[in-house]
Structures are given as C-alpha cells and as structure tokens.
1. Considering only DSSP beta bridges with both partners in the chain, what is the antiparallel share in %, to the nearest 5?
2. For region 95-164, run through the trypsin sites (Lys or Arg not before Pro) and keep only the ones in DSSP coil with at most 10 other Cβ atoms within 10 Å of their Cβ.
3. Starting with the highest mean, order 165-175, 194-204, 48-58 by the number of other Cβ atoms within 10 Å, averaged over the residues of each peptide.
4. Please check the chain for the longest run free of GluC sites (Glu not before Pro) that are loop-located per DSSP (anything but H, G, I, E, B) and have at most 13 other Cβ atoms within 10 Å.
5. In this model, which of LYS39/LYS178; LYS7/LYS177; LYS7/LYS161; LYS5/LYS160; LYS39/LYS177 are farther than 28 Å apart at the alpha-carbon?
6. Taking 0.36 nm per intervening residue step and subtracting the Cα-Cα distance, what contour gain separates ARG114 from ASP175 on full extension?
7. Once Rh is set to the Kirkwood radius over Cα pairs, what Stokes-Einstein translational diffusion coefficient, in µm²/s, holds for region 1-79 at a temperature of 10 °C and a viscosity of 1.306 mPa s?
8. Using the C-alpha gyration tensor of the chain, what are the square roots of 5 times its eigenvalues, in whole angstrom, with the largest one first?
Amino acid sequence: MHRPKYKRVILKLSGEALAGDRGFGLDTDIIASISEYIKEIRDLGVEVAIVVGGGNIWRGRSGKGMDRTTADHMGMLATVINALALQDALENYDIPVRVQTAIEMRQIAEPYIRRRAVRHLEKGRVVIFASGTGNPFFSTDTTAALRAAEIEADVILLAKKVDGVYDSDPITNNDAKKFDSLTYIDVLQKGLKVMDSTATSLCMDNGIPIIVFGLQDPENIKRVVLGEDIGTYVKEDRKC
C-alpha cells in the first residue's frame, strides 16, 4: 500500500464543485463520489479538514444593490448548507464528521474552536469548516489559509474545475500555458487566479504549500495525497 505524503490536510472545495455540471445547487452523486475518496485518504491515516465555499447557492458579490456585509453573511449561510450536505454524505460511509461554524448556530453545528478541531482530527474525525471566517469581505480561500495555519496543516489541497494554474483561462484560450510549479510571489505578481491575494499572502507568511488540481475526477484527491505529480504546486521556492 502506498504511504500518504501528508499527515494533515485542508481540502478546499468550491461550492461549484458540489454542483457538478449544473453549476447551481447540489449534485448528490458528485458529493457521494467526493466523499468516497475522502474516506479512502482518511483510511490511509490522513487527518482531513475541509473548507467549503457557497458559490453554488450564493456569492456575496451577487447581491447587486445590497449591503455588502448582508450579502456576505448570506454567502456564509450558503456554506453551511453545503457543509451539512457533505457531512451527511460522509456519514453514509460511516465516517465520523464534525461541522464547525464561524457564526454560532449551536442547534446544527459546533462553534469553531481551534483546540476542539485539532482534537477531532487527532481522533480520526473529518472536520468541516463552514461560515468562512465569520467576517464579511473575506473569501473562503482566506478561510482555508487561516484554518490551515491554525491547525498546522501540511498542505492546502485546492480542488477546482480546471486541472491546475494557467497563464490565462484554458476554457476560452486553447493556447493557455499550464504551470507545474509556482512561488507565492509569482502568483501575486502575475495576478494568477489561484487564491485571492489575502489568502496567498497568508500562505506565504506561514509557509503553507498549495496544490491546485482538477476535481473532474474525484480520485485526484487521493492521487495528490499520495504525492503524485498532478496539478500545480505553489510553494516558497521552485527548487523545494
């Protein structure tokens, strides 16, 4: 059996990834498939924490004419819906799961408490972080970077619709060039759409590597954890 390269990971799932081809709402088949591979890496002894987005239901910037803080709070609630759906799917595979929210809602989830989250991970439970950071004007990318620093994760696994980072949009430009590796400074200076600048800077300051890979095949989650060279690796130095 292959040994995993990482002991503790943050898996960042966009809301769109949970919607599948429909682009909106929840695709239960996709969620079940993702859950299956999360189970596989957990069974390898990897401690798994997940940050979910909410773009399949609502984005803060979607609220034209709406107060930005209110719109962002609505987006945070959308991430809770996704977190509960993912929790249910994981529990169907007999995986113990805890959802922790940055906005307190005790009836349906635990409040985010760093020490409790770490203890859950040590006990083999999957922890899903919802509600973003609990603050408006911060993305779930920033949440992933912040939580990764707090729980001392080895890496952020950034699952996207495309199979890595390109110099332009590969969907609209057939000549787009894919990067195998980048530094944090590359991402910031070139304005590459890996994470937003706040999240990238936070990863750079704390030396947290980021692997961007495609989720068209959910098995890629397992392949990345086992150290296969797929996607784009973002780190401090290309020689690392």
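Where a number appears in this text, it was derived from the coordinates with a stated rule and is not lab data. The structure displayed is predicted, hence computed values, not measured ones. All Cβ positions, glycine included, derive from the backbone under ideal geometry; neighbour counts span all protein chains shown.
1. Of those bridges, close to 15 percent are antiparallel.
2. ARG106, LYS123
3. Result, highest mean first: 48-58, 194-204, 165-175.
4. Details: sites that count: GLU104, GLU152, GLU219, GLU228.
So the longest stretch without any such site is 1-103.
5. Numbers: LYS39/LYS178 30 Å; LYS7/LYS177 31 Å; LYS7/LYS161 25 Å; LYS5/LYS160 21 Å; LYS39/LYS177 33 Å.
Correct reply: LYS39/LYS178; LYS7/LYS177; LYS39/LYS177.
6. Full-extension gain reported as 17.6 nm.
7. Reported coefficient: 112 µm²/s.
8. 24, 22, 18
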